[in-house]
Amino acid sequence: MSGANDLKGLSQEEVQERLQQYGYNELNEKEESWLHRLFKRFWGPIPWMIEAAAVLSALAHRWEDFTIIVILLFVNAFVDFYQESKALNAIAVLKKKLARKAVVLREDKWQEIDAKEIVPDDIVKIKIGDIVPADVILLEGADFLLVDQSALTGESLPVHKKAGDELYANAIIKQGEMIAKVTATAKNTYFGKTVGLVAKAQNEEVSHFQKMVLKVGNFLIILTLFMIAIIVYHGISTNQPTMELLIFALVLTISAIPVAMPAVLTVTMAIGAQSLAAKEAIVSRLAAIEEIAGMDVLCSDKTGTLTQNKMSLAEPYTADGFSSDDLMIYAAYASKEENQDPIEKPIFDYLHEKHLSSVLTTKKLKKFLPFDPVHKRTEGIYEDKNCEIIYTKGAPQVIIEQSDDKEFDKAAAYKAVEDFASKGFRTLGVAFRKCEEDVYHFVGLIPLFDPPREDSVEAIAEAKAKGVTVKMVTGDNLAVAKYIASLLNIGDNIEDIHTLKGESVEEYIYLSKVLSKAIAESMHPDASKDEIEEIVKKIMQKVQKELYNMPLPKGSVKKHESEIIALIEDANGFAQVFPEDKYFIVDELQKANHIVGMTGDGVNDAPALKKADCGIAVSGATDAARAAADIVLMSPGLTVIVDAIKQSRQIFERMKSYTIFRIAETIRVIIFMTLAIVVYDFYPITALMIIILALLNDIPIMTIAYDNTKLRESPVRWDMKEVFVLASWLGLAGVISSFMLFWILITYMQLPLAFVQSVFFAKLVIAGHGTIYNTRIDDWFWKRPWPSWTLFNATFFSRVAGTIIAVYGFGLMEPIGWEWGLGMWAYALTWFVFNDAVKMGVLRYYRKKYNEDII
């Protein structure tokens, strides 16, 4: 098999030929046509009700009603269709920014390209954290890859793959790094063929907010149908015309059921997503925006999120006989510049600045072993005359322990490691060995420092001010974690996660020795696949047996779960965290009823990102982490997350305001109509008036998505009891105001019935949107934040339009003139102030009783 240096990669001409033949490496998802999406707006329970009302109107030859009903049907359909199209287009644009990348050898040069541009016969590099971009055959690299292909084959455990084995597209690399040749792309891959056989449906998870909206919708439908049943029963008892009764019942149902609710939700979420995208945060699940509003704990990665992820060198520690230049050259031999590893970059920068990089070309690389979590080091194996020379770098304890302690002062080296750690430095040990030597020659220690980002201190302080506890999560040792935490003002209570769990470092060392010994005794390089599986099975049995019989190390005390939860809640951060520990932290916090956000970047972070209420993939995250996350950050830092918290809480306020408004309005209209019909045996407004009211109400209310809202200083959650209590009282106040006016007009003033209906139309259209100004803030209506001009103009001009229709009639109703029109403005505004007093009284009583601060 050809070596790495013999591979040249495809030329641009060959790439273009294959693109013409095979197309791009992407599966074109079957998109729903615009015609089908539009048709759906006319299919379903609510559209059926509107369509039935139109048919009944036509049968009764009430063509004015028929015309308005059809207009209502089409306006609702097209507005919802337009808003959904806007949201889908916005999400499509945002997702383009998440296009996967791949490292490909083209014309003898490694380069990063979009994964969709990969073609058959391309030479690609795949490493830990990558999602395999196409079907490939492994050529060379590490002895094996550890691959998670559970999503493709159903295997629950990762499998080992070596040179000559095939890998399927969308498998996840858990360990190792190898070069591979592409054998199939797009629909020709194993995954592509599977997708072709099975219709793939993407069912987005339902958020807490969406569940609440469904509950509210069901409540309003049940209330409306109950009142309609009373009206129908009364109509039949009084021998009213059946056709007229059915039309009125259907139209009233349409006006009361929250037709605009899905559109309002979609618009508000989409606007929030676009706002966050402008700040370099891509929302992959719209409903996640609402989840952040209630987030009270954020577990944040240290590297790249709280720090700059730009390692800088400090004065190194070298063993006798070696210089700083020697140390950096040997470290570079154990690195790969094209990998752009943040830890290795300062080493190559040092060599370029010192004009020493040419030295690296004097030796021929035979094999490179990338870093893995078990061995905790990298190795470069080079040809050296008749044998090999191996350069290694990695965890200082590992390098020191594997080096000949007769050649250097071991105690001094460990002392240097401790000194570097106390200053917040990350240390790499460097060593080498020649030919068949059993031990390494220790060269020295490279201290690296990742300084905090300039905005981290301010962002953490702002998050704390908003009621969100920030906990730092890092794989660094305890000393480094405490040092960085002190610089960031996070707090000094930093826990070693394994000590907190009742484990100790000794346990992990012991288990590693057992595992290493089992592998050394059992593995054979020329074993078949079946033999390897049998060997792995034996290893696992041996490890489990040793672990079961292992005595608990001294100083390690198993803790009760409640004690662990309390310690996690009190901690400001966690050190020496492995990816599986992140899942543990999230799970324990959720058990204590916290809404948890978790940041991550690695493939092993995916379970924790999925488990968290809001998983956040940080800048530079692996494909697997980005696929599991709800939000993907395109720029480093914590500030974007703090912006998302603010944005989501404002969205929550708009949704809460709309929910209370919608419940109150339904109660106000449906109960008043029922009372008027049953008590006076008279329809206070006609079916045509109800339809016009629905048009004037539903369209302007969508502008609530642009309203100015109060920014809560604490995480927000739905208190449905308070929502229903407040909405019910506001609704009943509206019933009283309407019924009192109705009594005055019918009983006291004895006005003509057609005139009374027109007056009531004016009253309802003017007073309707007043409720949104009662519910938009939980304080007196004149206090800040004031309504946005978008909301104010939409609601004001719809009121004016309704008033003009009532004043002049236009053949649709009896004209009432400007005197009565302005009188209804005065009446509605008076009751609006009264309703605001009702709101404040209900809130004060409720919060005093239940000692709560927010809705």
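Note down the net charge around Thr639, summing +1 for each Lys or Arg and -1 for each Asp or Glu among other residues with Cβ under 13 Å from its Cβ. Computed value for this residue: -2. Remark: Ile494, Ile123, Ile71 ranked as Ile71, Ile123, Ile494, counting other beta-carbon atoms within 10 Å and listing the fewest first.
3J(HN,Hα) along the stretch 465-473, derived from phi through the Karplus expression 6.51 cos²θ - 1.76 cosθ + 1.60 where θ = phi - 60°, amounts to 5, 8, x, 9, 7, 9, 10, 7, 10 Hz, with x in place of Gly and Pro. The simple Förster model, with R0 at 51 Å and r as the Cβ-Cβ distance, assigns Glu563 and Ser635 a FRET efficiency of 0.85.
This model, with +1 at the C-beta of Lys and Arg and -1 at the C-beta of Asp and Glu, gives the stretch 387-434 a dipole about its Cα centre of some 160 debye.
Are any of the pairs Lys279/Lys646; Lys310/Lys376; Lys646/Lys710 more than 18 Å apart by Cα-Cα distance, and if so, which? Where the Cα-Cα span goes over 18 Å, the pairs concerned are Lys310/Lys376. Close amide H partners of Ser403, meaning residues 5 or more places away or on another chain with modelled amide H under 5 Å apart, are Tyr440. Residues in the stretch 707-719 carry Karplus couplings, in order, of 6, 7, 9, 6, 9, 5, 8, 10, x, 10, 9, 6, 9 Hz; the curve used is 6.51 cos²θ - 1.76 cosθ + 1.60 with θ = phi - 60°, and Gly or Pro positions show x. Protection proxy ranking, highest mean first, for peptides 286-298, 332-344: 286-298, 332-344, where packing is the per-residue count of other beta-carbon atoms within 10 Å, averaged.
Determine the gain in length on full extension of the stretch Asp114-Glu713; use 0.36 nm per residue of separation and subtract their C-alpha separation, reporting nm with one decimal. Gain in length upon complete extension: 211.5 nm.
Taking the fewest neighbouring Cβ atoms within 10 Å as the starting point, the ordered list for Ser57, Ser798 is Ser798, Ser57.
Quick one: which of Lys345/Lys385; Lys101/Lys611; Lys125/Lys161; Lys364/Lys393; Lys127/Lys336 span more than 21 angstrom between C-alpha atoms? Check vs 21 Å cut-off fails for Lys345/Lys385; Lys101/Lys611.
For the stretch 313-449, the calculated P(r), taken from all Cα-Cα distances in 5 Å bins from zero up to the bin holding the longest distance, is 2, 10, 21, 25, 22, 13, 5, 1, 0 percent. Between Phe796 and Gln16, the C-beta separation translates, for a Förster distance of 60 Å, into a calculated FRET efficiency of about 0.50. The charge dipole of the stretch 313-449, taken about the Cα centre with unit charges on the Cβ atoms of Lys, Arg (+1) and Asp, Glu (-1), comes to about 260 debye, rounded to the nearest 20. Residues whose amide H lies under 5 Å from that of Glu495, counting only those 5 or more places away or on a different chain, are Asn572, Gly573, Phe574, Ala575; hydrogens are built 1.01 Å from N in the peptide plane. Quick one: which of Lys162/Lys363; Lys174/Lys464; Lys116/Lys302 span more than 30 angstrom between C-alpha atoms? Among Lys162/Lys363; Lys174/Lys464; Lys116/Lys302, the Cα-Cα distance tops 30 Å for Lys174/Lys464; Lys116/Lys302.
Sorted ascending by nearby beta carbons within 10 Å, beginning with the fewest, Arg18, Arg662 become Arg18, Arg662.
Read-outs: derived from the displayed coordinates by stated rules, not from any lab. Keep in mind it's a predicted model, so treat the numbers as computed, not measured. Every residue, glycine as well, gets a Cβ built from its backbone with ideal geometry; the counts of neighbours run over all protein chains shown.
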